[in-house]
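Down below is the structure, laid out as structure tokens.
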Amino acid sequence: MYKKKECIAMLLAGGQGSRLYALTEKTAKPAVSFGGKYRIIDFPMSNCVNSGIDTVGVLTQYQPLALNEYIGNGEPWDLDRVHGGVMVLPPYQGKSSSDWYRGTANAIYQNTSFIERYSPDYVLILSGDHIYKMNYAEMLDIHKKHNADCTIAVLEVPMEEASRFGILNTDENGKIIEFEEKPAHPKSNKASMGIYIFSTKVLLDYLRRDEADPNSSNDFGKNVIPAMLNDGLSMYSYTFGGYWKDVGTIQSLWEANMDLLGKNPKFNIRDKSWRIFYRNNAEPPQSISGNARIINSLITEGCKISGTVINSVISSSVTIEPGATVRDSVIMGGVVIRSGATIDYSIVDADAVIGKNACVGRSRYDGAQISVVGMNVVIEDGSVVEDGAMLSNKE
Amino acid sequence: MSVAGIIFSNIHDSNLSELTGIRTIASVPFGCRYRLIDFTLSNMVNSNIKNISLITNNNYNSLIDHIGTGKDWDLARRSGGIKFFPPNVMTYTTGYTAGVGNNYDTRLGAMKTLLHMISHMTDDYVVLSDCDVICNIDIGAIVDEHIATGADMTIAVKNMVVDSVTAASNSFVKSSDDGRLIDVIAHPSEISGSAEMMLSIIVLSRKYLCEVVQDAIAHGYTSFARDVIARNFPYRNYRVYRYDGYFACVSSLEQYFKENMALLDGGTMFRELFEIPNRPIYTKVRNSAPTYYSEYSSIKNSMIADGCVIDGTVENCILFRGVKIGRGAVVKNSILFQDVYTGSNTSLNYVVADKNVVIRDDVMLCGHSSQPFYIEKGKMI
């Protein structure tokens, strides 16, 4: 027997994240490490739980192993439930047809039966590549208040950047009257965040119609939302005022990590009323030796720090030997940085080894590009990795 | 072959009376993010012991809070898992349980009350353990040796040099070269040189345990060490398992302080507790953010948990989760428990501050290595 749910979430986590290069060679984008001990997907998952949504379907497709393993039974997010909880939904072979997910709308369409099991009144569509804290319950209240068919979360971006986003033009009540994808001359600065609440009947109806249209690219932003607008459905915007970052590029991933630094950071992960949950690995405490010097940085359990760390985010179980310097960088779990090595303006992925006196990247104040060292890459003693380099382990 | 665990959470509470006024010895914090019971529980879980009974008789609120469902130790199970056994005061007692001590004053007293539970277990062997056993020990190896030698009881011991305080609050054994227990010395006033100290990890078959407990009920015995071990070793095959890894004994606040600090030197203790492959130490997950070190921070030789914000100077310290060090504060040689807050320009030296202590701006507190200054839970100074 299935218990009816008021609202369930569908989390799109199939993206390849090709603009993260080496970081997504073996990992789906939502499983990329962030902020020392989190994965990107922890943010929407924790938002769901903190908003009282206890049924989450995670749609996976690209390199799902790390992501599936990470989500597991959902216990770290309190999503191991008797009714509902988290479920990983990969593409599957059907009786008459089988297909990869062909677009965001098609991915949801292929899981219509999952949605129908819980007969929810509303479906929340999320994507697994944004860093933010949002109370979806508040958005749902707005949706219900308007008796809307669809509510889209929007962020007010600087007008000069508006042409990079999907822009919603609304009336004074927040009712959406026009949607423009990356307009050259934007009429408003309300950018769609890719977070939608649909009334279930409307959603399923439009997904079926979208599927029947051979010319559709089966995408929410490109096809489904414009079709609904054309038909004059009741669509509203929900303006979000907090921190939000799409971490789809190396630069934005680096920036979002840096936004965690500071005593009053741009993005606060120390807020106990809105905890970000993550899968824990039973690491010992961090030990800081007598030689260490740490300035404006985040350091995580299991680390052994004997070197210098400045303006950086260091994930769990990283070893930084004496005389090594890490500056303006993001170091992911299990990395070993040998003595005398220098890392500047770089992202070093999990379990890489930086050899003695090796030099990775160049100061960002010299106009350098971020360098990326991929998972398990070994940088030989004394070698130099140029700024902007993307090293990955091809094995 | 399956093994069950029985853990006694209050034995030796009085050794650390400052810290156990509000908690069991099992829930005494240790090493930045652990409680003492984490070592015992992790040792059992890492040796595939999945059916654990946790016996507790008072002060157990913090213990219940810490353990929860047991899921952080993988002990939230349909079959087995961890179960609490607080005193069960029976309204109508008849039969063999009549008059049996309800308040679990001793290990044997507790097992007498819980005989029905022990006799309904299906496990072949039982490991009895106290909670002040800070080590990463392979309990499976003790069980294997117990079976291989055909012993009736196997007691883990460690050969160590002890001071008089430690001697007086622990029990020691003498054993033959082939590992047979030949004498028991309980709470001696002094020991010259080294001696084999009991680690309070004991392996025996469940069948024999039932026998021992029934015998204790029949004879009114109350002490496991005195009435079972000391009385029976001449006639039964009681043996020792000689453990030679790191073991911290905390018989006093001074020793507790020293053992915490010993983790700092980055030497064998840290390695032998936390870095043995496949034997992690589990604890309650708190979902803290990573620790933030500001541009005003200076940290030397310290162990720090996650969730802290460091805005001052920290030297030779153990900081638990969520500690805040204010701007310009200088904290040296101290242990600060969970969520301690130190204001700006405070100065602490040789201080043990319990959970949620608040040190106001500009306050200066100083203890001594032999007598650390202890501040009670929740106090504001």
TODO: Scan the range A:259-270 and give yes if some residue there is open to solvent by 30 Å² or more (accessible area, probe 1.4 Å), within 11 Å of chain B (Cβ to nearest Cβ), modelled with pLDDT of 95 or more and not in a loop (DSSP other than H, G, I, E, B), otherwise no.
DONE: no
Open item on the list: Quick check on my filter: what residues within the range B:51-67 are under 28 Å from B:S119 (Cβ atoms) and either within 14 Å of another protein chain (Cβ to nearest Cβ) or not polar (S, T, N, Q) (or both)?
Closed with: B:I52, B:L54, B:I55, B:Y60, B:L63, B:I64, B:I67
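Which of the residues that make up the range B:115-130 are more than 17 Å from B:S2 (Cβ to Cβ) and open to solvent by less than 40 Å² (accessible area, probe 1.4 Å)? Please lay out each step first, then the result.
Going through the range B:115-130, the residues more than 17 Å from B:S2 (Cβ to Cβ) turn out to be B:115-116, B:130.
Matches in the range B:115-130: B:L115, B:D130.
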Task: Residues that are open to solvent by 10 Å² or more (accessible area, probe 1.4 Å) and touching a residue at least 60 places away in the same chain (Cβ under 8 Å), drawn from the range B:326-345 - done: B:N333, B:Q338
TODO: Search the range B:108-119 for residues that are modelled with pLDDT of 90 or more and pair each with any residue that is of a type in the set (D, E) and surrounded by fewer than 19 Cβ atoms within 10 Å (Cβ to Cβ) when their beta-carbon atoms are under 7 Å apart and the residues are at least 6 apart or on different chains.
DONE: B:L108/B:D227
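Looking only at the range A:364-385, which residues are closer than 11 Å to A:S346 by Cβ and open to solvent by 60 Å² or more (accessible area, probe 1.4 Å)? Even if it seems obvious, please write down each step before you answer.
Residues of the range A:364-385 that are closer than 11 Å to A:S346 by Cβ, as a first pass: A:364, A:368-373, A:379, A:385.
Within the range A:364-385, A:R364, A:Q369 qualify.
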Task: Every residue from the range A:141-170 that is of a type in the set (D, E, K, R) and surrounded by 11 or more Cβ atoms within 10 Å (Cβ to Cβ) - done: A:D141, A:K144, A:D149, A:E156, A:E161, A:R164
TODO: Restrict the check to the range A:96-111 and report whether at least one residue is at positive phi and touching a helix residue (DSSP H, G or I) at 6+ places or on another chain (Cβ under 7 Å).
DONE: no
TODO: Determine whether B:S344 is in contact with a helix residue (DSSP H, G or I) (Cβ under 9 Å, 6 or more places away or on another chain) and of a type outside the set (D, E, K, R).
DONE: no
Open item on the list: When the residues of the range A:63-90 are narrowed to those that are within 19 Å of A:D121 (Cα to Cα) and in contact with a Leu (Cβ under 8 Å, 6 or more places away or on another chain), which ends up least open to solvent (accessible area, probe 1.4 Å)?
Closed with: A:G85
Open item on the list: Pull out all pairs, ordered by first then second residue, where Cβ-Cβ is under 9 Å, the residues are six or more apart or on different chains, the first lies in the range A:29-56 and is of a type in the set (S, T, N, Q), and the second is part of a helix (DSSP H, G or I) and open to solvent by 10 Å² or more (accessible area, probe 1.4 Å).
Closed with: A:S46/A:W274; A:N47/A:W274; A:N50/A:A137; A:N50/A:S273; A:N50/A:W274; A:S51/A:A137; A:S51/A:E138; A:S51/A:L140
- [ ] Working carefully through the options A:L155, A:L126, find the one that is part of a strand (DSSP E or B), touching a helix residue (DSSP H, G or I) at 6+ places or on another chain (Cβ under 6 Å) and not β-branched (V, I, T).
- [x] A:L126
- [ ] Determine which single condition B:D163 fails, assuming it passes every other condition in (1) of a type in the set (D, E); (2) at pLDDT 90 or above; (3) more than 28 Å from B:H66 (Cα to Cα).
- [x] (2)
- [ ] Could you list, in sequence order, all residues of the range B:249-306 that are within 12 Å of another protein chain (Cβ to nearest Cβ) and in contact with a His (Cβ under 9 Å, 6 or more places away or on another chain)?
- [x] B:T283, B:K284
Open item on the list: With the requirement that a residue be outside any loop (DSSP other than H, G, I, E, B) and more than 7 Å from every other protein chain (Cβ to nearest Cβ), what does the range A:276-308 give you?
Closed with: A:R293, A:K304, A:I305, A:T308
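Yes or no: A:T60 within 26 Å of A:L207 (Cβ to Cβ), buried (at least 23 other Cβ atoms within 10 Å of the Cβ) and of a type in the set (V, I, T)? Steps first, answer last, please.
Working: within 26 Å of A:L207 (Cβ to Cβ): yes; buried (at least 23 other Cβ atoms within 10 Å of the Cβ): yes; of a type in the set (V, I, T): yes.
Criteria met by A:T60.
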Task: Tally, over the range A:181-200, of residues that are within 19 Å of A:D246 (Cα to Cα), assigned to a strand (DSSP E or B) and not β-branched (V, I, T) - done: 7
- [ ] All but one of (1) of a type in the set (G, A, S); (2) open to solvent by 30 Å² or more (accessible area, probe 1.4 Å); (3) closer than 17 Å to B:K300 by Cβ hold for B:G378, so report the exception by its number.
- [x] (3)
Task: Residue selected from the range B:346-361 under the condition more than 15 Å from B:K332 (Cα to Cα) and free of Cβ contacts under 8 Å to residues at least 60 places away in the same chain, by the criterion least open to solvent (accessible area, probe 1.4 Å) - done: B:V357
- [ ] List the number of the failed condition for A:S252; all other conditions in (1) assigned to a strand (DSSP E or B); (2) more than 9 Å from chain B (Cβ to nearest Cβ); (3) without any contact (Cβ under 8 Å) to a residue 24 or more places away in the chain hold.
- [x] (1)
Open item on the list: For the range A:320-336, give me the residue count where each residue is under 20 Å from A:N280 (Cβ atoms) and outside any loop (DSSP other than H, G, I, E, B).
Closed with: 1
Task: Any chance B:I310 is touching a Phe, Trp or Tyr at 6+ places or on another chain (Cβ under 8 Å) and either under 18 Å from B:Y34 (Cα atoms) or more than 7 Å from chain A (Cβ to nearest Cβ) (or both) - done: yes
Task: Residue within the range B:345-354 that is touching an Asp or Glu at 6+ places or on another chain (Cβ under 8 Å) and aromatic (F, W, Y) present - done: no
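Pick from B:N88, B:N57, B:N103: which is open to solvent by less than 50 Å² (accessible area, probe 1.4 Å), assigned to a loop (DSSP other than H, G, I, E, B) and at pLDDT below 90? It would help to see each step written out before you state the result.
Working: B:N88 fails: open to solvent by less than 50 Å² (accessible area, probe 1.4 Å); B:N103 fails: open to solvent by less than 50 Å² (accessible area, probe 1.4 Å).
Of the residues listed, the single one that is open to solvent by less than 50 Å² (accessible area, probe 1.4 Å), assigned to a loop (DSSP other than H, G, I, E, B) and at pLDDT below 90 is B:N57.
Here is a yes/no grid of residues against (1) open to solvent by 20 Å² or more (accessible area, probe 1.4 Å); (2) within 14 Å of chain B (Cβ to nearest Cβ); (3) under 30 Å from A:G374 (Cβ atoms); (4) free of Cβ contacts under 8 Å to residues at least 40 places away in the same chain:
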site	(1), (2), (3), (4)
A:D205	yes, no, no, yes
A:P214	yes, no, no, yes
A:N218	no, no, no, no
A:L229	yes, no, no, no
A:Y236	yes, no, no, no
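The values are calculated or read from the model by the stated rules, or taken from the named source; none is laboratory data. Being a predicted model, the structure only gives us computed values, none of them experimental. Methodologically, a virtual Cβ is constructed for each residue, glycine included, from the backbone with ideal geometry; neighbour enumeration extends over all protein chains shown. Just so you know, the surface numbers come from the protein's heavy atoms only, side chains and all, with ligands and any DNA or RNA stripped out. Shrake-Rupley method; radii C 1.70, N 1.55, O 1.52, S 1.80 Å.
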